[in-house]
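Just so it is clear, none of the values below were taken in a lab; they were calculated from the coordinates. These numbers come from a predicted model, not from an experiment. Don't worry about glycine lacking a Cβ; one is built from the backbone with ideal geometry, like all the others, and counts go over all protein chains shown.
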RNA sequence: GCCCCCGUAGUUCAAUGGAUAGAACAGGAGACUUCUAAGCUCUUGAUCCAGGUUCGAUUCCUGGCAGGGGCACCA
């Protein structure tokens, strides 16, 4: 049981004693540390029920709590209009420090979803099309949610939904077939060169489709062959290039720190979805002008959408329906989260509304996390990258910036470190905002590497690592000294549990970001005010190291939740 | 026209209906014969407008204004 749960229970008990049972109240860390370690509005919330003024209720509550003799409480007092502030004892923080050292990478885990199965779908690529900045946003949020949900104790299954059928792909295949492409089957040729070739084919195929009317029927024929999985040369080539694309996708997301347990392909979802739609024509869907449509109830204010085109092809909505079906049939999750671009929200709402009439749990257990779009401000980025920036372009741009800044630094960055820093800078700027918000990616500020930034967090981690190294060289090991007054750093470190909890319940990585910035600021302030490793005072040094190391463990765990690496040197 | 999302310092972002709205960048000032200056200390500066609900509203409701997205055969 965490201290927060303990206090919550004690407060509920006290309220009951005062005659205010089942009043909901908050118990949180005040913004101002000077207000205490916890604060509650319990008195304000129950004043009305008790028909007393809040201060009066607060005083009574404080008395009740004192009677309960909670060992960890240093002081409890009433403040402002009727808030009750709690301050924890120094020995509580000593115990906490011990716990952090004991639990290490497990410190902060919550267990609220222990035994649950959670599916998280994200980063869904359009195979044959390049991975662009939108996919990167999706990936940063999705991967963070995967990690946050793992911290909830759930069995998390990350999956992705690659788009592997469609006219665009047929265009690319058509173009490949016009050219010499034996090297695509040559294992000694690099994947990059193959992808570059396929990318060019994609563009060429698109041009041909628009400019040469005679190619249209050929491309449509290839499209049909792929849809029907016919055993033709085009389909064989498609299967091979699809494999290359999946491989490339895996490399790309691996660089960003993601791995998927499995894929559900758009092609299979289309087939499953189509079956469901056809089975429910009449009771859920209806035919109109040769197409199959879904007309939501008027009260939902949702638009009518086409599920099967008049040509008999499943639309995106039908594929999403198939996707839902496959997810629940295959995994039977307790919760199924999906990360998509915010502009899909209305479509998703319609699909889920229709799905609720087929299997109500498909709606009830689904969570949609939309992400916004990234726009670019400032000349630096827009001049180097035209149009929709590709993930690799953005990474290379940021990487160049990192390398520029690494010049002349004492600890020269390795290539691996530079990549980790560049990714941290990008992920931070995505994850600091609420998912769903559009992001203005301004390299002048987003990538300042100063203040609130991914590199700032990493720098703090490396700084602590460096201190620990220095101390180890002097034979000083971290050791908490009993009786030392708890520092602000320890008080902030302790708040990690609550942050994890709200990140889990709200699907909100930004809470972790905000918290880590505060943790690092507090540490750096501590660092500036105290000499941590001091040969002449080994006992104090050991104590401060213990406090710093606990913060470092929490920082590393928090960065882990964001999918950001915690380098030892930078 | 209808529906959804959004509007917070000069800028980029935070804030389960709670205390003095929190950071960073930019601007101004400063410390360091000390462990990583991608750092630290101090400082200037904000809730789009008008109503309403509430002990209390950036948050909830209504109406404006401004931006983004969606509205049947693309995804």
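For a quick size check, give me the Cα extents of the stretch A:115-234 along its three principal axes, largest first, whole Å.
Extents along the principal axes, in whole Å: 56, 32, 28.
For a footprinting-style exposure proxy, rank A:318, A:304 by other Cβ within 10 Å, fewest first.
Ordered by Cβ neighbours within 10 Å, fewest first: A:304, A:318.
Measure out, as a whole number of angstrom, how far apart the alpha-carbon centroids of the stretch A:285-358 and the stretch A:56-111 sit.
One Cα centre to the other: 48 Å.
Please work out the C-alpha center-to-center distance from the stretch A:167-201 to the stretch A:479-550 and express it in whole Å.
Rounded to whole Å, the Cα centres lie 52 Å apart.
Could you work out how far helix A:345-356 tilts from the main Cα principal axis of chain A, as a 0 to 90 degree angle to the nearest 10?
90
With 5 Å bins from zero, work out the P(r) of the stretch A:178-326 over every alpha carbon pair and list the percent per bin.
With a bin width of 5 Å, the distribution comes to 2, 8, 12, 14, 17, 15, 12, 10, 6, 2, 1, 0.
Given the alpha-carbon gyration tensor of the stretch A:3-88, what are the semi-axes of its equivalent ellipsoid in whole angstrom, ordered largest first, with each equal to the square root of 5 times an eigenvalue? Mind dumping the intermediate values first?
Working: eigenvalues 67, 40, 25 Å².
Semi-axes (√(5λ), whole Å): 18, 14, 11.
Given 37 °C and 0.692 mPa s, how large is the Stokes-Einstein diffusion coefficient of the stretch A:167-256 in µm²/s, with Rh as the Kirkwood radius over Cα pairs? The partial results should precede the final answer.
On the way: Rh = 13.5 Å.
The calculation lands on 243 µm²/s.
Can you tell me the 0 to 90 degree angle between the C-alpha axis of helix A:90-103 and the longest principal axis of chain A, rounded to 10?
Value to nearest ten degrees: 30.
For chain A, take the longest principal axis of its alpha carbons; what is the angle in degrees between that and the long axis of helix A:191-211, to the nearest 10 within 0 to 90?
50
How much length is gained on full extension from residue A:9 to residue A:415, taking 0.36 nm per residue of separation minus their Cα-Cα distance?
On the way: separation 406, 0.36 × 406 = 146.16 nm, distance 5.08 nm.
Between residue A:9 and residue A:415, full extension yields 141.1 nm more.
Quick one: Debye curve from the alpha-carbon atoms of the stretch A:133-186 only, equal weights, vacuum; give me log10 I(q)/I(0) at q = 0.21, 0.24, 0.26, 0.27 Å⁻¹ to two decimals.
So the normalised log intensities work out to -0.85, -0.94, -1.01, -1.04.
Just from its helices, what would the mean residue ellipticity at 222 nm be for chain A, if runs of 4 or more DSSP H residues each count -39500 (n - 2.57) and the sum is divided by every residue, rounded to the nearest 500 deg cm²/dmol?
Using -39500 (n - 2.57) per qualifying helix, the result is -18000 deg cm²/dmol.
If you restrict to DSSP beta bridges whose two residues both lie in chain A, what percentage is antiparallel, to the nearest 5?
Of all bridge pairs located within chain A, approximately 45 percent are antiparallel.
Against the empirical 2.2 N^0.38 Å scaling, what ratio does the C-alpha Rg of the stretch A:52-110 come to?
Compactness ratio reported: 1.50.
Starting from the eigenvalues of the Cα gyration tensor, five times each then square-rooted, give me the equivalent ellipsoid semi-axes of chain A, largest first, whole Å.
Working: eigenvalues 505, 221, 65 Å².
Output for chain A: semi-axes of 50, 33, 18 Å.
Mind listing the Cα extents of the stretch A:207-287 along all three principal axes, in Å, largest one first?
The Cα atoms of the stretch A:207-287 stretch 48, 38, 26 Å along their principal axes.
Only counting other Cβ atoms within 10 Å, I'd like A:404, A:396, A:143 sorted with the fewest neighbours first. Write out the running numbers ahead of the final one.
On the way: A:404 8, A:396 14, A:143 27.
The fewest-first ordering by Cβ neighbours comes to A:404, A:396, A:143.
Project the alpha carbons of the stretch A:381-562 onto their principal axes and report the range along each, largest first, in whole Å.
60, 43, 23
Cut-off is 10 Å between beta-carbons; in what order do A:59, A:37 appear when sorted fewest neighbours first? Walk me through the numbers on the way to the answer.
Numbers: A:59 16, A:37 26.
The fewest-first ordering by Cβ neighbours comes to A:59, A:37.
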